[in-house]
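Inspection log for the structure reproduced underneath, given as structure tokens.
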Amino acid sequence: MQQQSRAKPLRYSRQRERLLYLLQSTDTHPTAGWLYDMLKPEFPNLSLGTVYRNLSVLIEQGLVKKIDSGSTFDRYEAKTTPHYHLICHECGTIIDFEEQLFPEIDALVSKAADFAVEGHRIDFFGTCSACRTRNGKNS
């Protein structure tokens, strides 16, 4: 006897669609609060809880990533291709760094640790050029 999946197919949600579009159209790595503020005029009955629920659905679908930047609020992005992050410890800006520095790292770690690596995350912390300029430190 064949078992049926108990998971319900997701209903179409215009709010979720707009949330994804908003994330795809920015490279600022916004917080849920920022996303809520941007969508609230279009959806007057929107709640912050709905934004978080929709973000969770998009994360489960592999369309959005949550970035724990070490700050109070998680950040989100729709860029799911491999890349690194440059995180400014002064202003909190997160900048995408596209160059793959160690493309073989997953295979090396898998072999060395007998561990099935499914991906990795590398973040670089420092000071962005805008903050260095503002503080008179251009190097």
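Observations on the structure shown:
- From Glu90, Glu42, Glu99, residue being more than 13 Å from the chain's Cα centre (by Cα), in the same structural domain as Gly119 (by TED's automatic domain parsing), over 15 Å from His120 (Cα atoms) and assigned to a loop (DSSP other than H, G, I, E, B): Glu90
- Taking the criterion of being among the β-branched types (Val, Ile, Thr) and surrounded by 13 or more Cβ atoms within 10 Å (Cβ to Cβ), the residues of region 75-102 that qualify are Ile87, Thr93, Ile94, Ile95.
- Of all residues making up region 56-74, the number that are touching a His at 6+ places or on another chain (Cβ under 9 Å), surrounded by 13 or more Cβ atoms within 10 Å (Cβ to Cβ) and among the small types (Gly, Ala, Ser): 1
- Verdict on Leu39 being among the aliphatic types (A, V, I, L, M) and at pLDDT 90 or above: yes
- Residue selected from region 7-39 under the condition among the small types (Gly, Ala, Ser) and part of a helix (DSSP H, G or I), by the criterion surrounded by the fewest Cβ atoms within 10 Å (Cβ to Cβ): Gly33
- Selection status of Asp106, of a type in the set (Asp, Glu), surrounded by 14 or more Cβ atoms within 10 Å (Cβ to Cβ), over 17 Å from Thr28 (Cβ atoms) and out of contact with any Cys (no Cβ under 8 Å at 6 or more places or on another chain): yes
Matching residues to (1) within 21 Å of Ile67 (Cα to Cα); (2) touching a His at 6+ places or on another chain (Cβ under 9 Å); (3) free of Cβ contacts under 8 Å to residues at least 12 places away in the same chain:
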| residue | (1), (2), (3) |
| --- | --- |
| Leu101 | yes, no, no |
| Asp106 | yes, yes, no |
| Val109 | no, yes, yes |
| Phe115 | no, no, yes |
| His120 | yes, no, no |
| Ser129 | no, no, yes |
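The values are calculated or read from the model by the stated rules, or taken from the named source; none is laboratory data. Please read all numbers here as calculations on a predicted model, not as lab measurements. Note that each Cβ is placed from the backbone with ideal geometry, even for glycine, and that neighbours are counted across all protein chains shown.
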